[in-house]
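S.K.: Just passing along the structure, written as structure tokens.
The values are calculated or read from the model by the stated rules, or taken from the named source; none is laboratory data. Computed from a predicted model, the values in this text were never measured in an experiment. Don't worry about glycine lacking a Cβ; one is built from the backbone with ideal geometry, like all the others, and counts go over all protein chains shown.
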Amino acid sequence: MSASVLAPAAPRSARLQALDAFARDRMAVLGLAVLVLAVLAALLAPLLTPYDPTIGDQNAILVPPFSPGHLLGTDDQGRDLLARILFGARLAFPEAVIPVLAASLAGLALGLVGGFSRTVGEVVMRALDVLFAIPMVLLAIAIAAALGSGLPTVVLSMAIVITPYIARVVATTAAQLRSAPFIEAARCAGFRDWRIVHREILPHAIPAVVVYATTNMGAMVVFAAGFGFLGLGAQPPAPDWGAMIADGMRSLASAPWLSTVPGIAIVVVSLAFNYIGDGLRVALDPRLRSRL
Amino acid sequence: MLSYAAKRAAAIVPTLIGVSLVTFALLHIVPGGPVVAILGMAASDPKAVAAVTRELGLDRSLPEQYWIWLRHALGGNFGTSTEFHVPVSTLLFPKLAHTLVLTAGSLVYAVLLGLALGIATALYHRSLFDRLAMLLTLIGASAPVFWIGLLLVYLFAIRLQWLPALGMTSLIGPGGVLEVLKHLILPAFANSIISLAVIARIVRSSMLESLVQPYVLAARARGLPRWRQVIVHSFRNVLPDAITITGLQVGFLFGGALFVEVVFGWPGLGYLIYSSIEARDYVTMQAAVLIVSAVFVVVNLAADLARIALDPREVHA
């Protein structure tokens, strides 16, 4: 009998176990691969296409997809659709990611106060409850419309309406921990509130925010496209995916690819995010992981 | 039960006050402030500016301005549309009815197809049909609803020419109910897709749990037909979950109708909001947002009360 059998298996770190669980989820890995490719394509857009996304070729108007020289066809101004999709990704990713990052920071701050302090927290959470009472997309659109169209307004109004959702996730975590033994211990050790919050509670709140943000990133890509569709996002001739769908609406009967192609781009990116989010959620939650 | 309902109903009052505060603030974040927002092009006319400032107390403190605005709104006075030059209230209420019809139509799709799909995929768990259906619901839930709407228009209205894409004008038009229903088929389906996918997924996972419970095995042992095992014994126990999730979707369907209304030219509040944004008609937009949010709150309350009436255990939980 060798020693290795008797010795207990070395406990693997929680991080390694999570990574392992994620790697075993084939769809999540596929989603990650697609996403990495999409980000690379966005970064390398000028190398991948010879065309300018905003300048059309008057001799190549409404060329259907799979034509030589124009893999995805051209629009009514002769602009190459593949070039517009590639350069459009440079708008689509920041438009989805920046509001979520901003809302995560704001949501962490508000949620920690809301979940940890009993008096101030109650006020903060009641105020945030009001924002849940207004349909999220509608509120964001109204804010963007009032402020005036453009990328910064879209990012700002998305961040405003996402913040309460993230704050709620954080507040729930913080409230659950408020009376946990290790918090009591920290209190008995004489630590001040702010130290307990940022040393003991914050490390538990961050993974919850990361999972929430990732699982919703796909929806954010779609959300951002909605502004473009309504004409509130990046202004023409910027290759905004949502705005491209709206432009294609006018020639839906004669040139259906104009709306179809950017929609497929949105679905691919949003699906990839959704599969990654699912994989991450399962990988970071040991209860769900055991069911695999 | 009744006291709970009363408590739950009373809780919407502070919510509605909060909603009104947020909506009130919308005009104040317009560059140039409320005067520009309310008057539009006419803001260069000092007489008009003086008149609107006096009427709405725009030279007074913010709380006073809010109070004046709220009193007007509660009395049904939402101001005058800068685009259509009529009182906004005359625009709002016919549109509200149209949006509610669209919501009801979407709810029918979401519940019927969602339940059917959820039950069927649970019965054929891990089959090709199950995998395909789950992939389709995920794609449907990951796609922009306006894009799905356009695909439906292209397929059913332009290519097959089975259904009209646009042209819904009024509920009480010459075509009658049948005409409205014909115009409702595509937009209601497009609007329902996300909720349909959510309901199907919840029902599927609940059914999977319920199908292996001892009482289903007992029903099988007694030799009951398969449909009775599934519908009477399993599905009965999925109902609370199904009702809860459906209740949550009602408000979502109502609040999310905006994009679908734009694609299909459905003359509801969403379309009104879209055209008021295009025309920079902030007064109309503000009123429409207020009405949609207020109805959203009430619809969610009604769904919640209905759920509790059907499953009284909730009250004590």
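S.K.: Scan the range A:262-278 and report the pairs whose first residue is closer than 16 Å to A:M249 by Cα and whose second residue is basic (K, R), with Cβ atoms within less than 9 Å and a gap of 6+ or a chain change.
M.R.: From the range A:262-278, the pairs are A:P262/A:R84.
S.K.: Can I ask one more? Residues that are under 24 Å from the mean Cα position of the chain (by Cα) and more than 18 Å from A:V211 (Cα to Cα): which helices (runs of 4 or more DSSP H) entirely in the range A:9-53 hold 3 or more of them?
M.R.: A:26-43
S.K.: A follow-up question, please. Those residues that are among the hydroxyl-bearing types (S, T, Y) and on the phi > 0 side of the Ramachandran plot, I need them from the range B:253-306; list them, please. Full working, then the answer.
M.R.: Of all residues in the range B:253-306, those among the hydroxyl-bearing types (S, T, Y) come to B:271, B:274-276, B:282, B:284, B:293.
Result: no residue meets the conditions.
S.K.: Restricting attention to the range A:137-157, which residues are within 9 Å of another protein chain (Cβ to nearest Cβ) and touching a Pro at 6+ places or on another chain (Cβ under 9 Å)?
M.R.: A:A146, A:L147, A:G148, listed by residue number.
S.K.: Quick test of your reading of the structure: A:I201 fulfils all but one of (1) surrounded by 22 or more Cβ atoms within 10 Å (Cβ to Cβ); (2) within 21 Å of the chain's Cα centre (by Cα); (3) more than 14 Å from every other protein chain (Cβ to nearest Cβ). Name the failing condition by number.
M.R.: (2)
S.K.: Within the range A:204-214, does at least one residue satisfy the condition of being surrounded by 20 or more Cβ atoms within 10 Å (Cβ to Cβ) and without any contact (Cβ under 8 Å) to a residue 24 or more places away in the chain? Don't jump to the end; show me each part of the working.
M.R.: At the first step, the residues of the range A:204-214 found to be surrounded by 20 or more Cβ atoms within 10 Å (Cβ to Cβ) are A:205, A:209, A:212-213.
Those still in the list that are without any contact (Cβ under 8 Å) to a residue 24 or more places away in the chain too: none.
Checked against the condition, which is being surrounded by 20 or more Cβ atoms within 10 Å (Cβ to Cβ) and without any contact (Cβ under 8 Å) to a residue 24 or more places away in the chain, the range A:204-214 yields no hits at all.
S.K.: For the range B:1-29, which positions are of a type in the set (S, T, N, Q) and under 22 Å from the mean Cα position of the chain (by Cα)?
M.R.: Hits for the range B:1-29 are B:T15, B:S20, B:T23.
S.K.: Give the residue that is farthest from A:A83 (Cα to Cα), with candidates limited to residues of the range A:230-240 that are facing chain B (nearest Cβ under 10 Å) and touching an Asp or Glu at 6+ places or on another chain (Cβ under 9 Å).
M.R.: Quick first cut of the range A:230-240, residues facing chain B (nearest Cβ under 10 Å) only: A:230-232.
Those left that are additionally touching an Asp or Glu at 6+ places or on another chain (Cβ under 9 Å): A:230-231.
On the way: A:L230: 22, A:G231: 21 Å.
Going through the qualifying residues, I end up with A:L230.
S.K.: In this structure, is B:A43 modelled with pLDDT under 85 and either outside the structural domain of B:L305 (by TED's automatic domain parsing) or surrounded by fewer than 19 Cβ atoms within 10 Å (Cβ to Cβ) (or both)? Spell out the reasoning first.
M.R.: Values: modelled with pLDDT under 85: yes; either outside the structural domain of B:L305 (by TED's automatic domain parsing) or surrounded by fewer than 19 Cβ atoms within 10 Å (Cβ to Cβ) (or both): yes.
Answer is yes for this residue.
S.K.: Something else now. Please give the number of the condition A:V97 fails out of (1) within 14 Å of chain B (Cβ to nearest Cβ); (2) within 30 Å of A:I245 (Cα to Cα); (3) touching a residue at least 40 places away in the same chain (Cβ under 8 Å); (4) not hydroxyl-bearing (S, T, Y).
M.R.: Among (1) within 14 Å of chain B (Cβ to nearest Cβ); (2) within 30 Å of A:I245 (Cα to Cα); (3) touching a residue at least 40 places away in the same chain (Cβ under 8 Å); (4) not hydroxyl-bearing (S, T, Y), the lone unmet condition for A:V97 is (1).
S.K.: Can B:A133 be described as surrounded by 19 or more Cβ atoms within 10 Å (Cβ to Cβ), in contact with a helix residue (DSSP H, G or I) (Cβ under 8 Å, 6 or more places away or on another chain) and within 14 Å of another protein chain (Cβ to nearest Cβ)? Working first, answer last.
M.R.: Details: surrounded by 19 or more Cβ atoms within 10 Å (Cβ to Cβ): yes; in contact with a helix residue (DSSP H, G or I) (Cβ under 8 Å, 6 or more places away or on another chain): yes; within 14 Å of another protein chain (Cβ to nearest Cβ): no.
Answer is no for this residue.
S.K.: Now a separate question. Which pairs turn up if I take residues in the range B:34-57 that are farther than 23 Å from A:A142 by Cα and look for partners that are surrounded by fewer than 17 Cβ atoms within 10 Å (Cβ to Cβ) and modelled with pLDDT of 85 or more with beta carbon separation below 7 Å, at least 6 apart in sequence or on another chain?
M.R.: Here the result reads B:T53/B:D59; B:G57/B:E64; B:G57/B:I68, each pair linking the range B:34-57 to a residue that is surrounded by fewer than 17 Cβ atoms within 10 Å (Cβ to Cβ) and modelled with pLDDT of 85 or more.
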